[in-house]
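The values are calculated or read from the model by the stated rules, or taken from the named source; none is laboratory data. Since the model is a prediction, treat every value here as computed from it, not as a measurement. Note that each Cβ is placed from the backbone with ideal geometry, even for glycine, and that neighbours are counted across all protein chains shown. The accessibility values were calculated without ligands, DNA or RNA, using every heavy atom of the protein model including side chains. Shrake-Rupley method; radii C 1.70, N 1.55, O 1.52, S 1.80 Å.
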Amino acid sequence: MAGVKLGLFEVLESQPRSAKELSILLNCSEQGIAALSDVLVGCGYLRKEGNSYVNTPLTKRWLVPSSPHYVGNYIKFNYDQWKWWSHVEDLIVEGKSIDIHERLDNEKEWRRYLYGMKDIAALTADEVIARVPVPKGAKRLLDLAGGHGMYSITMCRKHSNLQAVIFDLERAARVGQELIEMEGMADRISYKIGDLKSDEFGVDFDIVFLFNILHHFSPGVNYSTLKKIYDAMNPGGVIVILEALKAVDYSNQLALFLSLNFFIMSRADTYRYEEVRDWLQKVGFDNLKKKELRTAPGISIITGRK
Ligand SMILES: C[S@@+](CC[C@H](N)C(=O)[O-])C[C@H]1O[C@@H](n2cnc3c(N)ncnc32)[C@H](O)[C@@H]1O
C-alpha cells in the first residue's frame, strides 16, 4: 500500500533507481525508502540490481498505472477501508455502521471509492459480459448502481445496438460521467441520478444489471428494488445479478468476510442464493440460473427472465 501511495512502482517503471535517487524523486528519507524497498524485494515486488531497485513482472502487471490490470486505485481505497476496519470492535458492540453512501462527503473520497471499484470491475468485466444472455433485438440496458460504468462500457462495446442508462447517486454519477467521457462512450451511455430506495428507474429496459449492490441493503429494500426493476423491464427482458453469495456450509470465505465488511460499511449483509432466488421468483422472474465466475472465485452471476 505504501509503495503504491508513494508512487514507488511508477518511478521505477522508466528505469532502475537507487535508494538515494528514489528518496529525491519521491521526496522521502533515504533510510525509509531503502527499508520499504528491501521488504518489497523480499516479497517479490522488486528486484535488486547492484545498487538499484527494479520492478518485477508481478509489479508491472498489477501496480503500474499504465498496465490494463492495474489495481492501484483499489489499493489506495484500502486506506479508507483500513480506517473503517480499525474500530470494527466498537461498531460490533454498538451495532452501528460507517454508512459509506451517506458519509463519504468529499469529492476525493468518492473518487477513491469509484476508481477502486473500477479496478476490480475491470478484472472480471469481459467474463461477466460474455455470460449475459442478450434478448433478441435488445436496445436498452439499465445498469443499476453502476457507479464507474465499467460494465456498461464493456457491454456497449460488445453490442453495438445497445444504449445504457446508469442509475446512481449524484456524487457517484459525477465521477462516473468523467470516466465515460474519458472512454469516449458518452454518446451511448448516460446517467440518471437517483436513490434506488425512493426513485423510479424509468421504463422500456431489455437488460438490467444489479452488480454488487444487494449487499448494501436489507432484504426488504432488495425485494422492493427487484420489484421496481421488474416493472421497468420489457417482457422477455433479462436481469443479471453479480454477488458474493454465502454458502449454507460456510464454505465461501469471501462472502463471509464481505458479510462483516458490509455490516461495517452499510449495516447490511451478503445473502444466500436461496434468499435471492426467492425474492426473484416472488417478484415474477423465471428461468433463473446461477454460475460461478472463473475470474473472481467466490463471486456468482445470477440471471433471470421477465
Ligand atoms: C459497490 S459499488 C458497485 C458499483 C458497480 N455496480 C460494480 O459492480 O462495480 C455500489 C454502488 O452503489 C451505489 N449506490 C449506493 N447506494 C445507492 C442508492 N441508494 N441509490 C443508488 N445507487 C446507490 C454507489 O454509489 C456505488 O456506485
Exercise for review: Quickly run through segment 38-60 and pick out the residues that are open to solvent by less than 40 Å² (accessible area, probe 1.4 Å) and over 18 Å from residue 76 (Cα atoms).
Suggested key: 44, 46, 52, 53, 54, 55, 56
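Taking segment 142-178 only, how many residues are assigned to a helix (DSSP H, G or I), within 17 Å of residue 207 (Cα to Cα) and not hydrophobic (A, V, I, L, M, F, W, C)?
Taking segment 142-178 and keeping what is assigned to a helix (DSSP H, G or I), we get 150-158, 170-178.
Those left that are additionally within 17 Å of residue 207 (Cα to Cα): 150-158.
Narrowing further to those that are not hydrophobic (A, V, I, L, M, F, W, C): 151-152, 154, 157-158.
Looking only at that region, the number is 5.
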Practice item. Taking residue 70 as meeting all but one of (1) over 30 Å from residue 197 (Cα atoms); (2) of a type in the set (Phe, Trp, Tyr); (3) more than 16 Å from the ligand (Cβ to nearest atom), write down the number of the exception. Key: (3)
**Study point:** Per-region count, segment 201-223, residues touching a residue at least 12 places away in the same chain (Cβ under 8 Å), within 27 Å of residue 97 (Cβ to Cβ) and not in a strand (DSSP E or B)
**Key:** 12
Study note, to complete from the structure: Of the conditions (1) outside any helix (DSSP H, G or I); (2) closer than 22 Å to residue 259 by Cα; (3) within 13 Å of the ligand (Cβ to nearest atom), the single one that residue 96 does not satisfy is (3)
Exercise for review: Those residues that are open to solvent by less than 10 Å² (accessible area, probe 1.4 Å) and acidic (Asp, Glu), I need them from segment 232-257; list them, please.
Suggested key: 243
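Select from segment 57-68 the residues that are in a helix (DSSP H, G or I) and out of contact with any strand residue (DSSP E or B) (no Cβ under 9 Å at 6 or more places or on another chain) and list them in ascending order. Break it down stepwise before answering.
Just the residues of segment 57-68 that are in a helix (DSSP H, G or I), to begin with: 57-62.
Matches in segment 57-68: 57, 58, 60, 61, 62.
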Exercise for review: Could you give me the residue pairs with C-beta distances under 6 Å whose first residue belongs to segment 140-165 and is without any contact (Cβ under 8 Å) to a residue 60 or more places away in the chain, whose second residue is among the acidic types (Asp, Glu) and in a loop (DSSP other than H, G, I, E, B) wherever it lies, and which are 6+ apart or on separate chains?
Suggested key: 153/183
